[in-house]
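**Student:** First, the structure itself, so that you have it in front of you.
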Amino acid sequence: MFVAATLALLVAMGLALARALLGPTVYDRVLAVNSFGTKTVLLIAVFGFLTGRPDFLDISLIYVLINFIATIAVLKFLKFGDLGTPGGDPGSDREMAE
Amino acid sequence: MEVLRDIASWALLVSGGGFCMIGGLGLLRLPDVYARMHAAGITDTLGAGLILAGLMVQGGLSLVTVKLFLILVFLLFTSPTSTYALANAAHRQGLAPLLGATPLDSAATDHKDETSSKP
C-alpha cells in the first residue's frame, strides 16, 4: 500500500524534474522545483510509515516550511534583483523593479 | 475494524498518488506557465490531501495524526501563497499569458515564442 504511493510519488517527481529541466522560462523551473519539494514532503511522510519510523514526520513538517521559504526567496530574488541588505534601512533598497 | 481501516487508507493513498501523477503530467503537458500552475495546484491540494488523509487513517488517534494534520494545514496555507507570488513575479516581469490559442496548436508553438501572447 505504501509502496504503491511511494512509486506514484517517484513518478510524479520525475515528471516535475522533467519540467524543471525543460522549462523555457525561469518561472517554470521555480514552479517545478516547488512542486518537487511538495512531493518530497509526501515521500518522506509515506516512507516514514513504510519503514515504521514516526520521527520522519518531523522532517517532512520542517521540509514543508523550508520549501515555502525557498520558493519565496527565489521569487524575491527574481523580482528585485537581490534579497535586500540584511537589516539595511528601507532607503537603501532598490525601488520596485517594474 | 482493522481491515476496514486498511482498505480506507489504501484507497486514499492510491488515489492521492494518482492525483500527484496527474498533477505531474499536467505540469509537463500544459502549454503555458500560468496553466501549469493549475497542475501544480492539483498536486499540492488534492494529491497531498488524499495521501496525508490516508496516512492519518493509518495513524489512528495519536501524535502521528496531529503531525500529519499540521503538515496538511501548513501545505494548504503555503501552497496558494507561493503560487500567487510566482504568478505575480511572472506577470510583473512581463510574461504574457497564452490567450485564445486552442490547446493543440498552442502546444506546438510552445517552444517557438514563450513570451508573446497569441492574438
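**Student:** Averaged over B:80-86, how many beta carbons belonging to a partner chain fall within 10 Å of each residue's beta carbon?
**Tutor:** 6
**Student:** Ratio of alpha-carbon Rg to the 2.2 N^0.38 Å globular estimate for region A:2-83, to two decimals, please.
**Tutor:** Compactness ratio reported: 1.23.
**Student:** Right, another one. Please give the average number of partner chain Cβ atoms lying within 10 Å of the Cβ of each residue in A:33-44, rounded to a whole number.
**Tutor:** Average per residue, whole number: 6.
**Student:** Could you calculate the FRET efficiency of residue A:3 with residue B:61 from 1/(1 + (r/R0)^6), where r is the beta carbon distance between them and R0 is 22 Å, rounded to 0.05?
**Tutor:** In this case the efficiency is close to 0.30.
**Student:** Between residue B:88 and residue A:50, with labels modelled 7 Å along Cα→Cβ, what's the label distance in nm to one decimal, could you check?
**Tutor:** 3.8 nm
**Student:** Considering the Cα positions of region B:2-117, please state its Rg to one decimal place and its Dmax as a whole number of Å.
**Tutor:** Rg, Dmax (Cα atoms, Å): 18.0, 57.
**Student:** Going through the DSSP H helices of chain A, which span 24 Å or more along their own axis at the Cα atoms while scoring at least 1.6 as a mean Kyte-Doolittle hydropathy? Could you put the intermediate results ahead of the total?
**Tutor:** Values: long enough: A:2-22 (30 Å, 2.22); A:26-50 (35 Å, 1.32); A:56-80 (36 Å, 1.88).
Long hydrophobic helices here: A:2-22, A:56-80.
**Student:** Treat each spin label as a single point 7 Å out from the Cα along the C-beta direction, and report the residue A:66 to residue B:7 distance in nm.
**Tutor:** Placing both labels 7 Å beyond Cα along the Cβ direction yields 4.1 nm.
Readers should treat all values here as calculations from the given coordinates under stated rules, not as data from a laboratory. Being a predicted model, the structure only gives us computed values, none of them experimental. Note that each Cβ is placed from the backbone with ideal geometry, even for glycine, and that neighbours are counted across all protein chains shown.
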